[in-house]
1. Being aliphatic (A, V, I, L, M) and without any contact (Cβ under 8 Å) to a residue 40 or more places away in the chain is the requirement here; does Leu97 meet it?
2. List the pairs whose first member sits in the stretch 314-326 and is over 15 Å from Val347 (Cβ atoms), whose second member is not small (Gly, Ala, Ser), and whose Cβ atoms are under 6 Å apart, counting only residues at least 6 apart or on separate chains?
3. Which of (1) under 11 Å from Val438 (Cβ atoms); (2) in contact (Cβ under 8 Å) with a residue 12 or more places away in the chain; (3) under 36 Å from the mean Cα position of the chain (by Cα) does Ser401 not meet, given it meets every other one?
4. Tally time: how many residues in the stretch 327-353 are in a helix (DSSP H, G or I) and in contact (Cβ under 8 Å) with a residue 60 or more places away in the chain?
5. When you scan the stretch 377-393, how many residues do you find that are part of a loop (DSSP other than H, G, I, E, B), at negative phi and either charged (D, E, K, R) or surrounded by fewer than 20 Cβ atoms within 10 Å (Cβ to Cβ) (or both)?
6. How about the stretch 338-353: which of its residues are under 9 Å from Thr315 (Cβ atoms) and not hydroxyl-bearing (Ser, Thr, Tyr)?
7. Kindly list the number of the only condition in (1) more than 27 Å from Thr146 (Cβ to Cβ); (2) modelled with pLDDT of 85 or more; (3) not aromatic (Phe, Trp, Tyr) that fails for Leu4.
8. Counting only residues that are in a loop (DSSP other than H, G, I, E, B) and without any contact (Cβ under 8 Å) to a residue 12 or more places away in the chain, how many does the stretch 17-38 have?
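The values are calculated or read from the model by the stated rules, or taken from the named source; none is laboratory data. Owing to the predicted nature of the structure, the values given are computational and were not obtained by experimental measurement. Quick reminder, even Gly has a Cβ in these numbers, built from the backbone with ideal geometry, and neighbours come from all protein chains shown.
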Amino acid sequence: MQSLNRIMNFLAMKYDYYFIAKELTHSPLSLRKARVLVFIHLFLIFIAFSFAVANAFYPSVDSPATLLGVLIGLILTFIFKRFGNFWVSGNLLAFILFLLFLESVFATGGLYSDNLLWMMATPLVALLFANSRSGMVWLAILIGVTIYLYVLDIQSPGFYKSQTESLDGLYYLITYCGLFVMLIGIVLIFATGQSMIIRALDEKQKELSKQKAELSRQTQALIEAEEKLTAINKELEQFAYSASHDLKEPLRMIGSYVTLIKRKLGVDLDESTQEYMGFITGGVSRMEKMLNDLLQYSRLGRNSEQLKDYDLNDTLLVVMQNLMTSMERTDTAIYSNKLPVVRSSSVEMIQLFQNLIANSIKFRKPNTAPVIGITYHEESEQHRFMFMDNGIGIPEKSRQSVFNIFERLHSIQDYEGSGIGLATCKKIVNNLGGTIWVEPEKLDGTTFVFTIPKTKDN
């Protein structure tokens with residue numbers, strides 16, 4: 001069956017290539033009409049050639065100018081292929097058919113000839129292939145010929161082989177004219193409706209083609225933008241590496257020389273100088289930590305192709321072990337329900353949990369032991385986590401900006417840190433396709449909420 005379809009498609013392509021103008025193949029409506037019109041041309045050539053062959057073998061067969069018919073068919077086919085004009089080709093074909101049928105009508109009985117019915121092909125061809133106006137013109141000509149035949153019948157009763165009364169002629173006149181009008185009217189209605197449907201489908205196909213081209217263009221633009229973004233991210237990673245590696249060298253040198261100066265001068269340093277040197281070494285330490293955090297932030301999401309299923313209960317245990325010292329020092333309590341298995345990076349999930357818990361421990365209320373509650377809810381398409389604490393809370397105006405990189409709500413004297421922790425949390429969650437925010441309804445303490453989309457496996 002597939003081989004047959006390929007053969008038919010191949011023959012259709014060759015048929016269109018040799019007989020149909022290229023500009024007519026772009027529209028389904030035009031291509032359909034062109035194929036039928038060419039088929040009629042080829043059929044007329046075949047009929048004329050068959051009569052020519054029959055006349056050669058059987059000279060007694062009454063055959064018209066068959067070779068002339070073959071030549072006319074070839075000319076009609078060439079004109080349509082060359083110009084691709086339906087109006088010209090349709091009217092030419094209608095004219096040739098009109099002359100052929102008109103000769104046979106006069107030769108076989110005039111108004112009473114059965115061949116008069118075949119003359120309906122003239123307006124039908126013009127209607128279907130040229131346009132409705134041409135069809136109406138040829139219908140008027142056909143009715144005019146029929147009336148002319150009726151007049152001849154009245155004026156010359158004995159002119160034809162079949163002698164009839166004038167009322168018989170009037171009957172045939174009314175019957176033929178009514179039949180012509182009714183048939184052409186029905187064909188016109190159906191042809192017009194079909195043309196409207198096909199034209200609407202054609203316009204819809206053109207619109208879909210434009211949309212497809214636009215989508216293709218947008219896809220290409222997205223690919224180019226992604227390539228540019230990848231290059232920019234690579235440059236940023238290189239910059240972050242340079243910032244964390246190359247810039248740390250002069251910081252270490254500054255710290256080392258300050259330490260050497262303190263050691264060399266020793267007790268000769270007054271209190272103010274020692275304080276100033278303490279500021280320098282403290283600033284160097286903070287800057288070095290900030291550079292390390294910046295490098296870690298820039299590398300988030302680089303190992304997304306290594307995502308695996310991890311049990312977040314194990315992740316929470318690892319984080320609690322990492323923070324055991326600070327938890328014991330502050331008497332921190334952590335409560336959690338059963339956590340799910342999610343597809344993620346183990347290192348990044350540890351960073352996420354550890355940053356949120358460490359944040360709650362750091363921003364605790366004075367003389368109050370931190371209490372952190374971790375709640376998990378399974379939803380239809382995502383995992384939902386809530387980290388609640390009894391700390392100092394976050395002002396309403398800062399609940400959005402708190403996730404910005406280097407964003408600090410307190411001075412370095414009050415709370416240490418680089419201001420990258422929550423930005424890191426946001427980037428980790430976003431890389432997994434989720435969102436993170438601060439719950440606005442919480443009045444006492446802070447509640448961080450984040451979601452992670454489910455995968456097919458979990």
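1. The answer is yes for Leu97.
2. Going by the 6 Å Cβ cut-off, the qualifying pairs are Ser326/Ile361.
3. That leaves (2) as the condition not met.
4. 4
5. So the count comes out to 5.
6. Leu339, Met349, Ile350, Leu352, Phe353, listed by residue number.
7. (2)
8. Count: 1.
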